[in-house]
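Working notes, structure below.
The values are calculated or read from the model by the stated rules, or taken from the named source; none is laboratory data. Predicted, not measured: the structure shown is a model, and the values here were computed from it. Methodologically, a virtual Cβ is constructed for each residue, glycine included, from the backbone with ideal geometry; neighbour enumeration extends over all protein chains shown.
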């Protein structure tokens, strides 16, 4: 009996088909997941596994960075599924804790990657929001982008007591991270706790409008500039939503001080980048900017753009922050932006830039920094006399805290000798017009600035440096 030799071509085709079938898998990766005290076990339940909420074979794996993913081979066709923490009592919800519809995806049998986000878990954490926090609307229309957005309000304890009082307003990005640990992605800012304490101790009251991020649309909405790798480009339209849709609604329905002088915008990371952009793009709406750990790295265009703004004529107050443990170029970018603002004539009395030792890129840092930033933005320290001093042509040195710059006439090969009122020499700085220089932190009180050119004294003035 003869043995039939397999056709090599048929064998190769069979092998290719088998390889394709084995590689025809679906990979689901979770890009964002709510923060919990410990990293949870996450499962996939759907019409492909009997809707079992805790099958070990459908448990997502965590990599070293804490990113969850699962790869499996579902049947071709319409898939429906949800994520759980092992039971239907801990199924995923929307950012307000309400149930969501089944996720749906049409799988065609080819290798596919899905990137998804989980907004919140049912029953995961008891709400930490103050009674003064209310959900204004879970689906507030964003007409400029044809979307909807959850909006929260913090109304101060006095709001329903003193019914004639008007309040300053702070618009804040990443609203799900501001008030409630049950909704926060990686911990909350404790904005409500900070403001409740202020009301109790100092009667300082604000309305805060918390605007939820768009999750998968967050990077697109928070930058007017496009990053080739990460997206962006919808920032102008998102700003239009806030200024032309949301703010008019808030002003019409709540007792707000509507003028720019009583309106701030604040955010962190990409939210910091957007807040910085929004404040300078619409100074007629926002006079105060809290830019925490801003993602200036996202687009170098932000530096080109800000240099083209009429900085010398603006009356904004700007607070920049960065922590030394944030990594990458966070601190360097923040200092670069600070220096650029000063070089282009921005009023240094309206600018604050803090480098915070050991602080990372996280909500615990921003929660700690929030009351510091808000107090400075709204304090009454920026007086008319200070503003006049900033632009007084008789003064050649301009200082805000320990940051100073030379604003006098052209002075080639000039040195500034800095001494205290007793005549003790403290330090010397070579003039470089509009380039700021830092005084060591222990230099405070009245200092004397003596300007020497070619060995001759050409100008002397005194300045008060606050500790």
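Among the candidates 312, 272, single out the residue that is assigned to a helix (DSSP H, G or I), in contact with a helix residue (DSSP H, G or I) (Cβ under 9 Å, 6 or more places away or on another chain) and surrounded by fewer than 16 Cβ atoms within 10 Å (Cβ to Cβ). Let's see the steps before the verdict.
On the way: 272 fails: surrounded by fewer than 16 Cβ atoms within 10 Å (Cβ to Cβ).
After applying the criteria, what remains is 312.
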If you check every pair at least six apart or on different chains, which have Cβ atoms under 8 Å apart with a residue in segment 97-110 that is on the phi > 0 side of the Ramachandran plot first and a residue that is in a loop (DSSP other than H, G, I, E, B) and surrounded by 14 or more Cβ atoms within 10 Å (Cβ to Cβ) second? 97/122; 97/182; 97/183; 109/24
Within segment 195-217, identify whether any single residue is surrounded by fewer than 19 Cβ atoms within 10 Å (Cβ to Cβ) and at positive phi, and answer yes or no. yes
Based on this model, can you work out whether residue 370 counts as without any contact (Cβ under 8 Å) to a residue 40 or more places away in the chain and either at negative phi or surrounded by 20 or more Cβ atoms within 10 Å (Cβ to Cβ) (or both)? no
Among the numbered criteria (1) without any contact (Cβ under 8 Å) to a residue 40 or more places away in the chain; (2) out of contact with any helix residue (DSSP H, G or I) (no Cβ under 7 Å at 6 or more places or on another chain); (3) surrounded by 15 or more Cβ atoms within 10 Å (Cβ to Cβ), which single criterion is violated by residue 146? (3)
Every residue from segment 183-205 that is touching a strand residue (DSSP E or B) at 6+ places or on another chain (Cβ under 7 Å) and more than 20 Å from residue 292 (Cβ to Cβ): 205
Read through the list (1) over 24 Å from residue 117 (Cα atoms); (2) in contact with a helix residue (DSSP H, G or I) (Cβ under 7 Å, 6 or more places away or on another chain), then give the number of the only condition that residue 234 fails. (1)
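Just to be sure before I move on: is residue 319 under 23 Å from residue 465 (Cβ atoms) and at pLDDT below 90 in the structure I sent?
Numbers: under 23 Å from residue 465 (Cβ atoms): yes; at pLDDT below 90: no.
Here the answer is no, as residue 319 does not meet what is asked.
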Residue check: is residue 175 within 17 Å of the chain's Cα centre (by Cα) and surrounded by fewer than 20 Cβ atoms within 10 Å (Cβ to Cβ)? no
So residue 105 clears everything in (1) touching a strand residue (DSSP E or B) at 6+ places or on another chain (Cβ under 8 Å); (2) under 30 Å from residue 210 (Cβ atoms) except one condition, right? Which one? (2)
If you go through 156, 131, the only one that is more than 23 Å from the chain's Cα centre (by Cα), assigned to a loop (DSSP other than H, G, I, E, B) and surrounded by 14 or more Cβ atoms within 10 Å (Cβ to Cβ) is 156
Any residue at all in segment 247-264 that's touching a residue at least 12 places away in the same chain (Cβ under 8 Å), under 22 Å from residue 342 (Cβ atoms), surrounded by 17 or more Cβ atoms within 10 Å (Cβ to Cβ) and in contact with a strand residue (DSSP E or B) (Cβ under 6 Å, 6 or more places away or on another chain)? yes
Counting only residues that are within 15 Å of the chain's Cα centre (by Cα) and either assigned to a strand (DSSP E or B) or farther than 14 Å from residue 293 by Cβ (or both), how many does segment 315-363 have? 6
